[in-house]
Amino acid sequence: MADLNAITLQLKGIRKAYNIGLPAETEVLHGLDLTIERGEFVALIGPSGSGKSTLLNLIGLLDKPTAGELFITGQATSHLQDRELTLLRAKAIGFVFQFHNLLPEFTALENVMLPMLAARGRPDEAMRLRAAELIEQVGLSKVGKHMSNDLSGGQQQRVAIARALVMQPALVLADEPTGNLDTQSADNVFDLLRRVNEASDTSFLIVTHDPRLAQRCDRIIELVDGRIDSDKANRASLP
Amino acid sequence: MNTVFPFEWILAIRFMREARMQTLLIMSGVALGVSVIVFISALISGLQTNLFRRTLDFQAQIVILPPKEVSRPLHKAGEGMLATLVQPRAQRLQSVDQWQTVLAQVAKMDGVSVVAPVVAGAGFIVRGEANKAVGLTGIEPETYLQLIALNSKIIAGTANITGTDILVGMDLAKDLGVWTGDKLNLQTASGGTATLSIRGIFDFGNSGMNSRSVYIALRTAQSLLDLAGGVTSVEVNLEAPFTAETVAQTIQAQTGLKVDSWIATNAQFFSALEAQSMSNTVIRFFVGLTAALGIASVLVVSVVQKSKAIGILRATGTSRQQILRLFLLQGALTGLIGSLLGAVVGWLFLNAWRKIAVNADGTQLFPITFDPMLFVYAAVGATLVGTLAALFPALQAARLDPAVAIRG
């Protein structure tokens, strides 16, 4: 039995169905069991329609499973109300999406501050410093004051990563974080994710279509038709 | 980022600033609505104050009269026959019974500001070959001038009359070719006759009154009209004119005399005032409704436009309540800022109106009442309307499924 504190995410018999009770009822996920330990860097791959996005939404507490239990850092989530889910999400999970990650009304730095603002209600100097620190860590000190729309795609994804890390989450969920970028930018963004992972205890779950990037992860989970088809450690990624 | 405002405010202000055109248009709409409300309200309340003042300038608020005389047919006893035709009695001039007691009694009542005895009757002014029928009013200037704004209508001489003084209207004076200091002969049907000297000329701005009313001293009127020691009415003003009807009924119950309030005798005037007030309310309601629908529709569109942003905010730890407040706040701010702009525009309208709506002599057609509280009410009202209008879009935004919103 693994150390409970070392477990970031645990899924037990997770099922997800849509249109429940209607003739069109369809089950997308058929009882998934999965454990991700602290500091793991995991790729989630699989063909379109295999249920990757659904799974990511469930893990991100944006959606609720039809059956099964989902633990985030050891805490069961099925009985939580919306307010508690929001709090847990804010504290434990960071998101990086493929498109439209940032609010165009705000600068890069302010976008990074937003999760702290939502949690604490009012901006302060400590927030600004923390955001500036992360902006520097993702190599964007020079453009921190620019409106987020004025940044390149790669820069925007870096800001999104900084925002995902600002609350020091246990788990970062990235949905095709490089899917929108050219190869060079994609490599840079991916390198950044790896570097952050190595420097912290944060676990990463990265959905990707790109086999090249998947090969650079420590563990590759393949989802096919709502079932885990394969789940294996990837020695190739190790330096 | 400003550290003064909380999270929802920062977001609301940024969202509104970023959607510049939308914000500008809807705020102009609200501003226009508020300016119309401010303008119309000031106009109508000015109009009403003015009408009200004009009406009460020329009449007492309560008039106490002797009861009407009625004919009482006598039964023919025993034969079962009644008079089938009863001729109503012609009303002769008669005095208010015990008027000094009534006067003293009414003067002591709460809310009564002035009580004045009046002798009114009909007469002829004779000068040379001309004679004019006039209504003559006998007054005690010390009380009557507090009752009616006669002083302010005097254009020559003074209203303080005693003994054989008379006040005549401007038109009558012109018809008879007389002015202050000249003498006139006044005769009444009961045979009274007196030579009076003109002490003052008044102008009521109404040629009927200017050519047919004259004022003389109470005692002179009593003797001319054969009413020695009597008065035909006791007239009363109150501190609060709108309580006149209640006070009139109290006096009637206490004295048994006929008591008329200005509210009862000017029923038409009151229904006109009410109609104005009602049309003002209707205008306010529909302007408010239009503004609310405008704000709501802009926010509904905004929720759709911002659905991705809402999804991202929810994913990064923003609660449903915070999203709800974010949109309610946008509605409230639109209402508040729009109403402040509208107050300024309304104020400009009013000033322009003051310059345009003037008489030929440059005085105002009627003065506009300018209550600063109206601006406060408009601002509070518009903020409430904005918040209410935002309720539906805000709930929509708060209920948005973040997973769906992010995928778009």
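None of the figures in this text is laboratory data; all of them are computed from the coordinates on show. Note that the structure is predicted; figures quoted are calculated from it, not measured. All Cβ positions, even for glycine, are placed from backbone atoms using ideal geometry, and neighbour counts span all protein chains on display.
Rounded if a/c is under 1.5, else prolate if a/b is larger than b/c, else oblate: which is region B:208-262, with a ≥ b ≥ c the root eigenvalues of its Cα gyration tensor? Verdict is oblate for region B:208-262.
Tell me, what does the Kirkwood hydrodynamic radius of the protein assembly as shown come to in angstroms if you use every pair of distinct C-alpha atoms?
Details: mean 1/r = 0.0306 Å⁻¹.
This gives a value of 32.7 Å.
Think of region A:4-237 as having a plus end and a minus end, set by charges on the Cβ of Lys, Arg, Asp and Glu; of A:Ala126, A:Leu32, A:Gly49, A:Ala126 sits farthest toward the positive end of this dipole. Computed from the alpha carbon atoms alone, the convex hull of region B:99-256 holds 114 Å³ per residue. When exposed loop sites are taken as GluC sites (Glu not before Pro) in a DSSP loop with at most 14 other Cβ atoms within 10 Å, the longest stretch of chain B clear of them is B:240-408. Placing pseudo-labels 7 Å out from each Cα toward the beta carbon at B:Asn131 and B:Ile13 gives an inter-label distance of 8.6 nm.
In whole percent, what relative contact order does chain A give with Cα contacts below 8 Å and a gap of six or more residues?
On the way: 461 pairs, mean separation 64.5, N = 239.
It comes to 27 percent, rounded to a whole number.
From the alpha carbon centroid of region A:50-67 to that of region A:183-239 is 19 Å.
Under Stokes-Einstein, with the Kirkwood radius over Cα pairs as Rh, the value for chain B at 4 °C and 1.567 mPa s is 48 µm²/s. Annotation: for a label point projected 7 angstrom from Cα along Cα→Cβ of B:Glu274, no residues of region B:224-245 have a backbone N closer than 13 Å. Within chain B, the whole DSSP H helices whose Cα atoms reach 15 Å or more along their own axis and whose mean Kyte-Doolittle score is at least -1.0 are B:7-18, B:20-57, B:244-255, B:267-305, B:320-356, B:373-399. Sort all Cα-Cα distances of region A:4-237 into consecutive 10 angstrom bins from zero, then give the percent of pairs in each bin up to the one containing the longest distance. Pairs per bin, as whole percents: 8, 32, 36, 20, 4, 0.
Over all pairs of different C-alpha atoms, region B:252-408 has a mean inverse distance whose reciprocal, the Kirkwood radius, equals 19.6 Å. Across B:Pro372, B:Pro141, B:Pro67, mean-square fluctuation computed from a Gaussian network of chain B (C-alpha pairs under 10 Å connected) peaks at B:Pro372.
Can you give me the Kirkwood hydrodynamic radius for region A:147-239, using every pair of distinct Cα atoms, in Å to one decimal?
Working: mean 1/r = 0.0704 Å⁻¹.
One decimal place: 14.2 Å for the Kirkwood radius.
Separation of the alpha carbons by more than 30 angstrom is noted, of B:Lys68/B:Lys174; A:Lys64/A:Lys142; B:Lys68/B:Lys108; A:Lys64/B:Lys306, for B:Lys68/B:Lys174; A:Lys64/A:Lys142.
Please say if region A:131-180 is rounded, prolate or oblate, where rounded means a/c under 1.5 for a ≥ b ≥ c the square roots of the C-alpha gyration tensor eigenvalues, and otherwise the choice is prolate for a/b larger than b/c and oblate otherwise? Note, shape of region A:131-180 comes out oblate. Paramagnetic label reach from A:Ser152 (point 7 Å along Cα→Cβ; backbone nitrogen cut-off under 16 Å): within region A:190-230, residues A:190-192.
Can you pull the percent of Cα pairs in region B:173-239 with separation above 18 Å? Walk me through the numbers on the way to the answer.
On the way: 1097 of 2211 pairs.
For region B:173-239, the share of Cα pairs beyond 18 Å comes to 50 percent.
Given +1 at the Cβ of Lys and Arg, -1 at the Cβ of Asp and Glu and no other charges, the dipole of chain A around its Cα centre is 320 debye to the nearest 20.
Comparing mean-square fluctuations of B:Arg89, B:Arg212, B:Arg314 from a GNM of chain B with C-alpha springs under 10 Å, the top value falls on B:Arg89. About the centre of its Cα atoms, the protein assembly as shown shows a dipole size close to 380 debye [charges on the beta carbon of Lys, Arg (+1) and Asp, Glu (-1) only; nearest 20 debye]. In this Cβ point-charge picture (+1 for Lys and Arg, -1 for Asp and Glu), chain B has a dipole of about 1720 debye about its Cα centre.
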